[in-house]
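Presented below is the structure to which this report refers.
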Amino acid sequence: MADRWFPMSFLHLLFLLLPPSVFPVPEYESLLLLKKHFTNASALNSWDPGSAPCTERTQWTGLLCYNGAVIGLGLKGMGLSGNITVEALAELKGLRSFSVVNNSFQGDIPELNRLVELKALYLSGNRFSGEIPPHYFSKMVWLKKVWLSDNQFTGSIPLSLGQLPHLVELRLENNQFSGHIPAFYRPTLDYIDLSNNELTGEVPTSLSKFNSSSFEGNPGLCGKKLDVECAKPVENSTKLKTDPDEAVIKPNKKSFKKYLAAIILLGVMLVAVLILAAIRWMRNKKKDTNAQVPAHAAAGGSSDDPIEVQVMVPKVKEVEPSRKSNASSSSSCRGSNTQKARGSAAGVDLVMVNDEKGVFKLADLMKGAAEVLGNGRLGLCYKVMVTNGVRLVVKKMKDMSALGKDDFDREVRRLGKLRHPNVLTPLAYHYRTEEKLFVYEYVPGGSLLYLLHGDRDSSNVELDFPARLKIVQGIARGLDYLHMELSSLEVPHGNLKSSNVLLGPDNHPILSDYGYRPLVKGEGVKALFAYKTPEATQQGKVSPKSDVYCLGIIILEILTGKFPSQYLSHEEGGTDVVQWAESALSERRQHELLDPEITDAQNSSLGNMERLLHIGLLCTQTCPGTRLELKTAIKMIDELQVEGGQ
């Protein structure tokens, strides 16, 4: 394992896409400064000022180079001591791995956390000591491997270690770490060793997949993993005798009376709620018996004319997004049940914001059968055909109460003015305080999600690389348009994922469910995919770069044919396409990433497939500042062409 000490994934894609002139500054001065502060540095005699560090003929000992730049330092077992000059390391702009394993460095851990681009840090087998600050690793978001074993570190395990988003391997054994083990909620973590320290408390359930050997040598640890029962905490609702020699636990009578009173009060309230619910149910039943939908409602008419109509959207149990679901209109449009739209008494109107498909009223939507398309995180939607022959999708949205009626009208009318071949524009809306309806044109081709992960055999749709590249290019152009027209929004699209990419004729991509951020609040915000990006989950922040991350996920999904785990609200299911792609690239097996359906048929386009894969990874970097700008990504995508024309 020690020989495979440097992950190459980021470097492969970075150096492939950027010319060597990006790193023009000679690096030998920084390396010589580093060597100057080492003692017993005879193993580095090849570091000669008269030679270049990274040439095939004179490459210096311990350097890993790529395109003439230093990308790794592997100074293992060289008997080095003295000081590690972080200022010198910081000048090596391409440095991604640093190893001084099995040397004689001592003292506090150096300020290596200034090297925020590092992917691997190996300090094992030295005499480093003292406590590591809790937030030491908080900015080192690229780290995948951290080796601190066989030193003399004390204090608690830094909390920031448990928050590294891509951590794969952690070695802290044979130190003097104390206190509790922080939670490591990282599905990417494949190896951990905390043995032979002074840790106490229960082993977190998030580490239950690792063997007991990872925790042995810590007498204070307990839990099922170690077959050691943890002591139960003393209940708060008890009090002790004042004599410590006769201390016994007695129930607190006052607390018991309070609990009893609370239970009685809760029971009374529950009975009252049940009575009120029964009364309301009887009233609704009576209304349903007497209610009739007017069969003579006229089609067309002015959009400003109020109408009386009975409305009730079919109810469907909400489900998690499924790999096999047919999302024919949006992320909240799945399923295939057919029901009649029924009514509940309310005086309502429909506000037209785009009359290119005609003018209609809510009564027109109620005349035909409503085919329920599904119930997602943002709400229910169904398909209906109005009298002029236009097929529509009606979405009943929840958690859209962030704006009052006037501000809501202003935002939706703004969306209704958008015109782009890769953007689906809303046609109308209905506003009520407790719910909102959006009306869109129905797109019959289904969603990209279903095309990639649904029943491909029955659909008989060819999805070769030219088709996939065309879809990516259309998505990018539509997103670019939204970023220009909705530039004032915190995140212009905000919910870009494959279920919100609809497909028209010839797999023409059309973006939907965009621009919702100003309208939603509460759980509605969490339902937006932009709020599952690294910056949102770690810092609660989103930006236009969040849309770039979402674009990158779609690119990786299209190329690999895998359902991204990033779409799910839990850690089980799907594939972490970012981690998988980075790991495969680091081991130079990128061909295994690509969907066999495109590699078998399009061998001549493998180069462009890999370039598109690199673009996807550059769009999904953890730190927004290191992601591609949207304009740059679009330019790089548009430059890709399938050999032989498209």
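The values are calculated or read from the model by the stated rules, or taken from the named source; none is laboratory data. Because the structure is a prediction, the values reported are computed rather than measured. Every residue, glycine among them, receives a Cβ derived from its backbone with ideal geometry; neighbour counts consider all protein chains shown.
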* Asked: Among (1) surrounded by 16 or more Cβ atoms within 10 Å (Cβ to Cβ); (2) under 20 Å from the mean Cα position of the chain (by Cα), which single condition is Lys521 missing?
  -> (1)
* Please work out which residue is modelled with the highest pLDDT, limiting yourself to the range 11-31 and to residues that are surrounded by 16 or more Cβ atoms within 10 Å (Cβ to Cβ) and more than 19 Å from Leu618 (Cα to Cα). => Leu31
* Select from the range 92-108 the residues that are within 32 Å of the chain's Cα centre (by Cα) and at pLDDT 90 or above and write down the one among them that is farthest from Lys35 (Cα to Cα). => Arg96
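Of the residues that make up the range 593-609, is at least one modelled with pLDDT of 90 or more and under 23 Å from Val168 (Cα atoms)? Steps first, answer last, please.
Our first condition is that a residue be modelled with pLDDT of 90 or more; within the range 593-609, this holds for none.
No, the range 593-609 contains no residue that is modelled with pLDDT of 90 or more and under 23 Å from Val168 (Cα atoms).
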* Asked: Given the conditions (1) farther than 30 Å from Glu535 by Cα; (2) out of contact with any Phe, Trp or Tyr (no Cβ under 9 Å at 6 or more places or on another chain); (3) part of a loop (DSSP other than H, G, I, E, B), and given that Cys65 satisfies all but one, which numbered condition is not satisfied?
  -> (3)
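Condition check: assigned to a helix (DSSP H, G or I), in the same structural domain as Ala476 (by TED's automatic domain parsing) and surrounded by 18 or more Cβ atoms within 10 Å (Cβ to Cβ). Does Leu556 satisfy that?
Values: assigned to a helix (DSSP H, G or I): yes; in the same structural domain as Ala476 (by TED's automatic domain parsing): yes; surrounded by 18 or more Cβ atoms within 10 Å (Cβ to Cβ): yes.
Considered against the rule, which asks whether it is assigned to a helix (DSSP H, G or I), in the same structural domain as Ala476 (by TED's automatic domain parsing) and surrounded by 18 or more Cβ atoms within 10 Å (Cβ to Cβ), Leu556 comes out as yes.
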* Does the range 387-406 hold any residues that are over 21 Å from Lys526 (Cα atoms), touching a residue at least 24 places away in the same chain (Cβ under 8 Å) and not hydrophobic (A, V, I, L, M, F, W, C), and which are they? -> Thr387, Asn388, Arg391, Lys405
* Just a yes or no: is a residue in the range 191-204 of a type in the set (Phe, Trp, Tyr) and at pLDDT 85 or above? -> yes
* Asked: Restricting attention to the range 510-525, does a residue exist that is at pLDDT 95 or above and not in a loop (DSSP other than H, G, I, E, B)?
  -> yes
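Got a sec? Which of Gly389, Gly445, Gly454 is surrounded by fewer than 18 Cβ atoms within 10 Å (Cβ to Cβ) and either out of contact with any Phe, Trp or Tyr (no Cβ under 9 Å at 6 or more places or on another chain) or among the aliphatic types (A, V, I, L, M) (or both)? Lay out the reasoning, then the answer.
Numbers: Gly445 fails: surrounded by fewer than 18 Cβ atoms within 10 Å (Cβ to Cβ); Gly454 fails: surrounded by fewer than 18 Cβ atoms within 10 Å (Cβ to Cβ).
Going through Gly389, Gly445, Gly454 in turn, the sole match is Gly389.
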* Only helices (runs of 4 or more DSSP H) wholly contained in the range 430-508 count here; list those with 2 or more residues that are within 24 Å of Asp407 (Cα to Cα) and aliphatic (A, V, I, L, M). => 465-485
* To do: Starting from the range 582-603, keep only residues that are in the same structural domain as Glu557 (by TED's automatic domain parsing) and more than 30 Å from Lys119 (Cα to Cα), then list their pairs with residues that are among the aromatic types (Phe, Trp, Tyr) and modelled with pLDDT of 80 or more whose Cβ atoms are within a distance under 6 Å, requiring at least 6 positions of separation or different chains.
  => Ile598/Phe465; Gln602/Phe465
* If you check Ala536 against the conditions, is it modelled with pLDDT under 85 and in a helix (DSSP H, G or I)? -> no
